[in-house]
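**Student:** One structure follows; several queries about it will come next.
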Amino acid sequence: MAIQTSDITEVMREVGIAPDLIDRLDPSASLAEQGLDSIDFPMIAMAVQKRYGVDMSDANAAVLRSVDAFVDFVNQRLG
């Protein structure tokens, strides 16, 4: 089961990221540069871990800076 960009943006909506911010995201660009802050990242990482059962430890989550990075990370772990 491969996930897509829309799966990560759905998770972002569920954790309360502003819909207008999500709607204008560039999946390949840094989330921080697009308006997400340091509080948003752990919420997204925990929700991704819960939904997909992948280890989102601090070390893993620290390298995930874009929606595309989250998608690639999860897909690699899901095989």
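Please treat every number below as a calculation from the coordinates, not as lab data. Every value quoted in this text rests on a predicted model; they were computed, and no experiment measured them. With ideal geometry, Cβ positions are generated from the backbone for all residues, glycine too; neighbour counts draw on all protein chains shown.
**Student:** If only one of V74, V15, V67 is touching a Phe, Trp or Tyr at 6+ places or on another chain (Cβ under 9 Å) and among the aliphatic types (A, V, I, L, M), which one is it? Even if it seems obvious, please write down each step before you answer.
**Tutor:** Working: V15 fails: touching a Phe, Trp or Tyr at 6+ places or on another chain (Cβ under 9 Å); V67 fails: touching a Phe, Trp or Tyr at 6+ places or on another chain (Cβ under 9 Å).
Every option except V74 fails the conditions.
**Student:** Out of (1) surrounded by 16 or more Cβ atoms within 10 Å (Cβ to Cβ); (2) part of a helix (DSSP H, G or I), the odd one out for V54 is which?
**Tutor:** (2)
**Student:** So is R65 surrounded by 13 or more Cβ atoms within 10 Å (Cβ to Cβ), in a loop (DSSP other than H, G, I, E, B) and among the charged types (D, E, K, R) or not?
**Tutor:** Values: surrounded by 13 or more Cβ atoms within 10 Å (Cβ to Cβ): yes; in a loop (DSSP other than H, G, I, E, B): yes; among the charged types (D, E, K, R): yes.
Criteria met by R65.
**Student:** Take L31 and decide whether it is free of Cβ contacts under 8 Å to residues at least 60 places away in the same chain, crowded, with 19+ Cβ neighbours inside 10 Å and either hydroxyl-bearing (S, T, Y) or touching a Ser or Thr at 6+ places or on another chain (Cβ under 8 Å) (or both).
**Tutor:** Details: free of Cβ contacts under 8 Å to residues at least 60 places away in the same chain: yes; crowded, with 19+ Cβ neighbours inside 10 Å: yes; either hydroxyl-bearing (S, T, Y) or touching a Ser or Thr at 6+ places or on another chain (Cβ under 8 Å) (or both): yes.
Against the criterion (free of Cβ contacts under 8 Å to residues at least 60 places away in the same chain, crowded, with 19+ Cβ neighbours inside 10 Å and either hydroxyl-bearing (S, T, Y) or touching a Ser or Thr at 6+ places or on another chain (Cβ under 8 Å) (or both)), L31 qualifies.
**Student:** Let me ask something additional. For segment 10-24, give me each residue that is without any contact (Cβ under 8 Å) to a residue 24 or more places away in the chain, aliphatic (A, V, I, L, M) and assigned to a helix (DSSP H, G or I).
**Tutor:** The first filter runs over segment 10-24 and keeps only residues without any contact (Cβ under 8 Å) to a residue 24 or more places away in the chain, leaving 10, 13, 18-24.
Still in the running and aliphatic (A, V, I, L, M): 18, 21-22.
Residues satisfying the conditions are L21, I22.
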